[in-house]
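The values are calculated or read from the model by the stated rules, or taken from the named source; none is laboratory data. Small disclaimer: the values here were computed from a predicted structure and weren't measured. Cβ: placed from backbone, ideal geometry, glycine included. Neighbour counts: every protein chain shown. Note: accessible area is taken over every heavy atom of the protein model, side chains too, but ligands, DNA and RNA are not part of it. Shrake-Rupley method; radii C 1.70, N 1.55, O 1.52, S 1.80 Å.
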Amino acid sequence: MSLKRPDPVIHQCMKGDLSAFARLCEKYYDYAYRVSFRMLAREEDARDTVQEAFIRVWKNLVRYDERIKFSTWLYRIVKNHVFNIQKR
């Protein structure tokens, strides 16, 4: 069994590198949008949710556990934000 190599872009983001964060957002935007749209079925709400999710990612990167796939962590952030919207 091989160990998963840490993503250097995530490490750069954790150090406050905004250009690395822009690359991270580009890489995962479509994934986050598909998750959000599947749950909300409205383009505008899905885009707003993705934007809010990436704000939360930026604010909480220090809490990210690299043993978990980044996409799994992002999925939970998007899903939780969608649930918060639906509660309102």
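Looking at Y31 and the list (1) open to solvent by 60 Å² or more (accessible area, probe 1.4 Å); (2) without any contact (Cβ under 8 Å) to a residue 40 or more places away in the chain, which single condition is not satisfied?
The single condition Y31 does not satisfy is (2).
Within the range 70-80, is even one residue charged (D, E, K, R) and open to solvent by less than 70 Å² (accessible area, probe 1.4 Å)?
yes
Looking only at the range 34-88, count how many residues are more than 21 Å from I10 (Cα to Cα) and among the small types (G, A, S).
3
Return yes when S36 is farther than 18 Å from D7 by Cα and either surrounded by 18 or more Cβ atoms within 10 Å (Cβ to Cβ) or within 10 Å of the chain's Cα centre (by Cα) (or both) and no when it is not.
When the stated conditions are applied, S36 passes them.
Kindly list the number of the only condition in (1) at pLDDT below 95; (2) surrounded by 18 or more Cβ atoms within 10 Å (Cβ to Cβ) that fails for M14.
Result: M14 fails condition (2) only.
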